[in-house]
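Single-structure report; data block below.
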Amino acid sequence: MDLFLINFKKEKNNAENKKLQSEISKILSEKLLDIFYKTNTTLEHNIDGSPYFKNSDINISISHTENIIALLFSKNKSGVDIEYMKERNFKKVLKRYSINSNTGKTEFYQLWTDFEARYKGKQDKTKSFIYGNCVCSYCDNGEKINIFKVKTDENKLENITIIKTIPDYAIKELKTLKNKLS
């Protein structure tokens, strides 16, 4: 399982930013599939909006937040979610989902990204880590995970560079919380 974390230059207009995220996700996922898996195909979307590679047995899950895109490639069905940890009324959101909890910001975002990753990947087990000011969760389907930081040249996607593999010890893995959102 390979997780690619891509930083990109954020646009000021939110609508333009979402469109840019989608374009970068499509182009980079196809390029990375070709580079890492020697498979040349296109990214398509199911009726429910979930992405897949046409004529490929490699699964993909995509998440965006602020100026980061997470692309998860896996041989098995899996899911990823990444969220920027901004201030918000956590109690109001938790109450809407009938969760009685006095969680802090980091714990809230871990709960949220765990929920999203499990939903996308149809899995029960997740792992979470902090990446900059974000929390990222992915389904733990038993495959070893490799995490890569990817650099693009000012959103010009002709030149992509895999900066480094992020070693396990460099990622602050969050302690597992009781599964409160299932």
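The values are calculated or read from the model by the stated rules, or taken from the named source; none is laboratory data. Bear in mind that the values here come from a model prediction, so they are computed numbers and not experimental data. When we count neighbours, we look across all protein chains shown, and the Cβ atoms used for this are built from the backbone with ideal geometry, even at glycine.
Only a single criterion out of (1) touching a Phe, Trp or Tyr at 6+ places or on another chain (Cβ under 6 Å); (2) modelled with pLDDT of 85 or more is not satisfied by Y131, namely (1). From the list K144, K91, which residue is surrounded by fewer than 19 Cβ atoms within 10 Å (Cβ to Cβ) and touching a residue at least 40 places away in the same chain (Cβ under 8 Å)? The match here is K144. Looking for something outside any strand (DSSP E or B), among the basic types (K, R), out of contact with any His (no Cβ under 6 Å at 6 or more places or on another chain) and surrounded by fewer than 12 Cβ atoms within 10 Å (Cβ to Cβ) - is there at least one such residue anywhere in the stretch 7-16? Yes; the residues of the stretch 7-16 include at least one that is outside any strand (DSSP E or B), among the basic types (K, R), out of contact with any His (no Cβ under 6 Å at 6 or more places or on another chain) and surrounded by fewer than 12 Cβ atoms within 10 Å (Cβ to Cβ).
Going through (1) modelled with pLDDT of 90 or more; (2) touching a strand residue (DSSP E or B) at 6+ places or on another chain (Cβ under 6 Å); (3) in a helix (DSSP H, G or I) one by one, Q110 falls short only on (1). Looking at the stretch 47-62, is at least one residue among the acidic types (D, E) and either at pLDDT 90 or above or in a loop (DSSP other than H, G, I, E, B) (or both)? Looking through the stretch 47-62, at least one residue is among the acidic types (D, E) and either at pLDDT 90 or above or in a loop (DSSP other than H, G, I, E, B) (or both).
So that you can scan it fast, the table gives a plain yes or no per residue for (1) without any contact (Cβ under 8 Å) to a residue 24 or more places away in the chain; (2) closer than 22 Å to K151 by Cβ; (3) of a type in the set (D, E, K, R):
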position	(1), (2), (3)
E16	yes, yes, yes
S25	no, yes, no
I68	no, yes, no
Y109	no, no, no
T113	no, no, no
G121	no, no, no
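Scanning the stretch 34-54 for residues being in contact with a helix residue (DSSP H, G or I) (Cβ under 8 Å, 6 or more places away or on another chain) and of a type in the set (A, V, I, L, M, F, W, C) gives a total of 2.
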